Structures are given as structure tokens and as C-alpha cells.
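See below for the structure under consideration.
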Amino acid sequence: MPFKPKPGGVRASLAHRAPALPAVATVLTLSLSLQGCALRGAPSYEIFGAYFPLWLVSAVAGFVGAVIAHRIFVSTGWAQIVPYQLSVCLAIGLTVAVLFWLSGTGQLL
């Protein structure tokens, strides 16, 4: 026996159905978390006419800080003395990135 649609179609049967209360509550709760950058917008810098988000600029600054720390370790001979050099340079880069982020958002000093 072939499928016979209801009179009025699918839209008529869905129009009378109210949305489930848990689904509405979930959507409203999740939409409240999106209000963080609504007033001032996300912090960003204009570089060469394009806006870059502050977290991306902070990540690049941290990477540059880690590379500079590694070059200093190699040129001074500390590379043979300092154990776990990758972890140390990563920690220095992370510190530079966080300090750049804090100074960019105005929360540092």
C-alpha cells in the first residue's frame, strides 16, 4: 500500500505542535553565553588595513618570543646546560603571549 499523506500536508500537522520546553530553555541558555563581545566587539588590531583578532596576534608574539629564547640559548651555550629545552622555550613563549594579551586588553597595569 503506497504512502498517503495526511490532508493539509506535513506543515499543517507541525503548525499545531508547540516547541518543547527543554529545547527552548537550552537555546536561550546557550544564547546568553554569546553576549560576551556584544558591547565593544572582540579586541583586534589593524595591521596593513586588515583587522586581526588579539588572540592571533598574541599567539604570533608568543611564537616569536619562543624562537628568540631558543636563539639566545643556542648563542650563549645554555642549550647544552638547560634540560627540557623545548618545554622551557614553550613556557617562555606562553608567558610572552599571555603578557601581550593582558597588555592588549588593558588588564595589565
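Filtered by the rule that a residue be outside any loop (DSSP other than H, G, I, E, B), free of Cβ contacts under 8 Å to residues at least 12 places away in the same chain and over 14 Å from Pro43 (Cα atoms), region 95-109 gives a lone residue, Leu99. Residues in region 63-90 that are more than 22 Å from Trp101 (Cα to Cα) and small (Gly, Ala, Ser): 3 in all.
Yes/no per residue for (1) farther than 30 Å from Leu94 by Cα; (2) assigned to a helix (DSSP H, G or I); (3) at pLDDT below 75; (4) of a type in the set (A, V, I, L, M, F, W, C):
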site: Val10; (1), (2), (3), (4): yes, yes, yes, yes
site: Leu14; (1), (2), (3), (4): yes, yes, yes, yes
site: Ala18; (1), (2), (3), (4): yes, no, yes, yes
site: Ala23; (1), (2), (3), (4): yes, yes, no, yes
site: Leu28; (1), (2), (3), (4): yes, yes, no, yes
site: Leu39; (1), (2), (3), (4): no, no, yes, yes
site: Tyr51; (1), (2), (3), (4): no, no, no, no
site: Leu56; (1), (2), (3), (4): no, yes, no, yes
site: Ala59; (1), (2), (3), (4): no, yes, no, yes
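Remark: pairs (first residue in region 17-44, closer than 25 Å to Leu56 by Cα; second residue among the aliphatic types (A, V, I, L, M) and modelled with pLDDT under 75; Cβ separation under 9 Å; 6+ apart in sequence or on different chains) = Gly36/Ala42.
The values are calculated or read from the model by the stated rules, or taken from the named source; none is laboratory data. Remember, it's a predicted structure, so these values are computed and weren't measured experimentally. Every residue, glycine among them, receives a Cβ derived from its backbone with ideal geometry; neighbour counts consider all protein chains shown.
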